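Data block below; observations after.
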Amino acid sequence: MTNEWAEFKAYTEQPIYTAERRTDTTYLGRFTFDMITEFTGFGRVLTTIARGYLFHDKDGVVLDDPYERIKIARNALCAWCSVPDKKQNSKPSVDFRELSADFPELVDPNGKGWYYRHIKNVIRFVKANPDKVSKSAYKKCADFSSGFTAQWKKKVRQLQVPIFALNTKGAWTLRFDDIIADALEAGVLRMEDYPLPETVISQLETTDTNGVPKEIIAELIRFYLANKQDDTEWVVLPVANLDAYFGNNNLSKKWLAKIPTSIICRENKHGICRYKFG
């Protein structure tokens, strides 16, 4: 999770649709079924994408003055979110096929954006390989496959609601304008993993973690130290995205509640889950 450039590439390059066993969710990429069906964790996903196009070229080289590339980043978000619309009469538009020349990695000439293609590929893989996925995965795909396109179109329209709109439809508060602002504040993408200090490694080795795998706690600490700001001891905990990184929902469903507070202390405030180490 601390290598944000690798995370950006996971959201913009072609995923690998495979599974070696029923518990293997490689075919989902950096997503979980909860993210797909409940639309959670997209704040970090879209902000990471925006940061990539604001601050970097295609090879990851840091560029000057991201404010000159705000339109490029916004167009990249539109391309990534694009949904085919044959009639081309949606207001606001959800089909951004005209951006395929500028962002061929994010949208094709038929208006199929990266996320749209990814979900359709996940559905195809699950239906074609029932022996390689869990029963719950097969059922979840069957449940949301028929209504996915309509639901995603709705979300893409909500993403384009102007900041100062007096009335909005729907409860999803994510908007392209807010995402761009968050991306500008967050800055360049970290391009390497964050090494844990030896003192932290020693502390973790001698601590009773209450059955939670120590490599999971180590990753949480690594993410905390890499993202902690000087003016606060708290860091926002992107639970949905960490679940996706670990490839299952064990963190949110089992492990977080069991981690001793002597290691990691969590707090839910103003609808945000945050945590601190030590």
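Laboratory data are not the source of any read-out in this text; all were calculated from the coordinates shown. If you're wondering where the values come from, they're calculated on a predicted model, not measured in any experiment. A quick note on method: Cβ atoms are made from the backbone with ideal geometry, for glycine too, and the neighbour counts reach across all protein chains shown.
Projected over every direction and averaged, the convex hull enclosing the alpha-carbon atoms of the range 198-277 yields 5.5 nm².
Under 5 Å from the amide H of Ile264 lie the amide H atoms of Gly278, each residue being 5 or more positions distant or on a separate chain, with H modelled from the backbone and absent for Pro and chain starts. Our coupling estimate for the range 94-101, obtained by passing each phi through the Karplus curve with A = 6.51, B = -1.76, C = 1.60 and θ = phi - 60°, is 10, 9, 10, 4, 5, 8, 5, 5 Hz, Gly and Pro reported as x. Inter-label distance, Lys139 to Lys58: 4.5 nm, where each label sits 7 Å from its Cα along the C-beta direction.
Relative to the longest principal axis of the C-alpha atoms of the chain, give the angle of the C-alpha long axis of helix 42-55, reported between 0 and 90° and rounded to the nearest 10°. Long axis of 42-55 versus the principal axis of the chain: about 80 degrees. Once the convex hull of all Cα atoms in the range 136-266 is built, its volume per residue stands at 172 Å³. Among Arg21, Arg69, sorting on how many other beta-carbon atoms sit within 10 Å of each Cβ, with the fewest leading, yields Arg21, Arg69. When the P(r) is computed for the range 1-65, the part past 16 Å accounts for 54% of the Cα-Cα pairs.
Within the range 4-186, the ratio Rg/Rh, alpha carbon atoms throughout and Rh by Kirkwood, equals 0.97. Spin-label model, Lys254 to Lys91: label points 7 Å out along the Cα-to-beta-carbon direction sit 5.2 nm apart.
Karplus-based coupling profile of the range 60-66, in residue order and whole Hz: x, 5, 6, 9, 8, 6, x, with θ = phi - 60° in 6.51 cos²θ - 1.76 cosθ + 1.60 and x standing for Gly or Pro. In a fully extended conformation the segment linking Glu192 and Thr207 would gain 2.7 nm over its present Cα-Cα distance, using 0.36 nm per residue.
Across the range 62-116, counting alpha-carbon atoms alone, Rg and Dmax equal 11.9, 40 Å. Each listed q (0.10, 0.11, 0.17, 0.18 Å⁻¹) maps to a log10 I(q)/I(0) for the range 20-119, found by the Debye formula over equal Cα scatterers with no solvent: -0.33, -0.39, -0.86, -0.94.
In this calculation the C-beta distance from Tyr67 to Val236 is compared with R0 = 22 Å, giving a FRET efficiency of 0.35. Excluding same-chain neighbours fewer than eight residues apart, the lysines reachable from Lys87 by a Cα-Cα span under 27 Å are Lys71, Lys112, Lys120, Lys153, Lys154, Lys155, Lys169.
Rounded to whole numbers, the Karplus 3J(HN,Hα) couplings from phi for the range 242-259 are 5, 4, 5, 5, 7, x, 6, 9, 4, 4, 6, 7, 10, 6, 4, 5, 9, 5 Hz, using 6.51 cos²θ - 1.76 cosθ + 1.60 with θ = phi - 60°, and x at Gly and Pro. The distance separating the Cα centre of the range 53-93 from that of the range 10-40 comes to 23 Å. Neighbour counting of Cβ atoms within 10 Å sorts the residues Tyr27, Tyr245, fewest neighbours leading, into Tyr245, Tyr27.
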